[in-house]
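The values are calculated or read from the model by the stated rules, or taken from the named source; none is laboratory data. On a predicted model such as this, the values are computed, not experimentally measured, just so you know. Cβ: placed from backbone, ideal geometry, glycine included. Neighbour counts: every protein chain shown.
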Amino acid sequence: MTNYLIKKFIPNYADVNNSQVRRKYGVLSGIVGIICNIVLSFGKFFVGIMTSSIAVSADAFNNLSDAVSSIITLICFKTSGSPADKNHPFGYGRIEYISGLIISIAIIFTGIEFTKSSIEKIFNPEPVCYDLTSVIILFVSLIVKLWMGFFNRKLGNIINSMAMKATAFDSILDGIITVTILAGMAVNYFTGVSVDAYTGIIVALFIVFTGVSIIKETINPLLGQSPSPEIVREINDIVLSSPKILGIHEITVHNYGPGKSVISLHAEMPANENIMVLHEATDLIEKKLKNKFGCPAIIHMDPIITDNKEVTSIRKKLSQIVKLIHKDSKVYDLRIIPGSTPTLIFHTSVPYNVNQTNEEISSAIVQSVKAIDTRYKCIIDIDRVYFNNVSEKSVGELKK
């Protein structure tokens, strides 16, 4: 069914990097969600009224909030696919994350309200009456919700959409909620003991849990998060495939919404090479990165001296020194200003989980350098990194 809907309503469905195709995936998800959730909500309201069940009524309101969430998702996907303009040069892609955040907040409020209602019903119980029609409606709801979960998860994986993955997670939890209600009905039927209020609390807590989980998934890209190690490794492999690039550092992936990113990095290149040759090499790598990841790439060239024995020797010693701070620490952008008091200017990358302050790290490095040669003066920039995103070729390769 999912594949049929994709092929039926999304022309060029395989071109997922195309913003218009991505928008159509969002529209499809939104329309399916609106239709299914409204139908399920009315069905469960009917069951809730017939049976006086707080748990079923809570689930009906949950489905209604899902329908509203689908409307929000639909609007946001249509907006997020809008082209960039003078006020938003990187487009509107982050609206997709905002939609996930709005959905999660609405879900949490719904869960809190039904938690309160269920607790009240524990102290003021009402008789609950179930019949075969109620069971059939809830069982059909279970099947539909599970299908919606797998439907949205597949769409979310295809276009890497946090909003869709959140909706899928919500649908699967709705299915679990329905199973819980059916289990409560079974207990009531076979034992005569009403557990409706307690089932209502379980349903409400599931709703709150869903909202909190979605917030965690959507707020990180809004705040800004580090790229995955897999992406950094792929960037490393592509960039270092150029014989003109000797090392890279300060890799940053700026996220402006799903499928809308900008890659920037610094590339170390031999200072004795022709500048036009180096520029051509960086252009070629930028194109390779764009073809691979479907987003612009910006490479800053850092010239390094490779044919000077003193510089090579000092770089090796500095690398050994900074590894005493952390095994993943690196040295780059090394320059030496000669004179009676030679000055070493360089950057050091240090992971965020190193507890020492930048001043303490700089002081430790300076003391180690002075132990090698008291004449050296150091000017050090400490760059904190989320993991080792500094890569370089072997010494043998540097000599080429």
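In the set 257, 247, only one residue is in contact with a Lys or Arg (Cβ under 6 Å, 6 or more places away or on another chain) and crowded, with 18+ Cβ neighbours inside 10 Å; that residue is 257. Filtered by the rule that a residue be among the small types (Gly, Ala, Ser), at pLDDT below 85 and over 24 Å from residue 225 (Cβ atoms), segment 349-400 gives 394, 396.
Considering segment 128-156, and only residues there that are closer than 21 Å to residue 47 by Cα and of a type in the set (Gly, Ala, Ser), the residue that is modelled with the lowest pLDDT turns out to be 134.
Selection over segment 256-286 of residues that are in contact (Cβ under 8 Å) with a residue 60 or more places away in the chain and in contact with a strand residue (DSSP E or B) (Cβ under 9 Å, 6 or more places away or on another chain) gives a count of 4. If I ask for residues that are assigned to a loop (DSSP other than H, G, I, E, B), among the charged types (D, E, K, R) and within 19 Å of residue 156 (Cβ to Cβ), which ones from segment 217-273 would you list? Of everything in segment 217-273, just one residue is assigned to a loop (DSSP other than H, G, I, E, B), among the charged types (D, E, K, R) and within 19 Å of residue 156 (Cβ to Cβ), namely 260.
Taking the listed residues 109, 209, 151, the one that is buried (at least 21 other Cβ atoms within 10 Å of the Cβ), within 30 Å of residue 78 (Cα to Cα) and aromatic (Phe, Trp, Tyr) is 151, with no other qualifying. Taking residue 283, is it within 31 Å of the chain's Cα centre (by Cα), in a strand (DSSP E or B) and in the same structural domain as residue 379 (by TED's automatic domain parsing)? Against the criterion (within 31 Å of the chain's Cα centre (by Cα), in a strand (DSSP E or B) and in the same structural domain as residue 379 (by TED's automatic domain parsing)), residue 283 does not qualify. One residue alone among 24, 44 is of a type in the set (D, E, K, R), over 31 Å from the mean Cα position of the chain (by Cα) and surrounded by 18 or more Cβ atoms within 10 Å (Cβ to Cβ), and that residue is 44.
Among the residues of segment 202-213, is there at least one that is in contact (Cβ under 8 Å) with a residue 40 or more places away in the chain, part of a helix (DSSP H, G or I), closer than 27 Å to residue 295 by Cβ and among the aliphatic types (A, V, I, L, M)? No, every residue in segment 202-213 fails to be in contact (Cβ under 8 Å) with a residue 40 or more places away in the chain, part of a helix (DSSP H, G or I), closer than 27 Å to residue 295 by Cβ and among the aliphatic types (A, V, I, L, M).
Write out, first by first residue and then by second, each pair whose Cβ atoms fall under 6 Å of each other, whose residues are 6+ apart or on separate chains, and whose first residue, in segment 291-304, is modelled with pLDDT of 90 or more while the second is surrounded by fewer than 16 Cβ atoms within 10 Å (Cβ to Cβ) and assigned to a helix (DSSP H, G or I). As it stands, the answer is 297/290, since those pairs meet every condition given.
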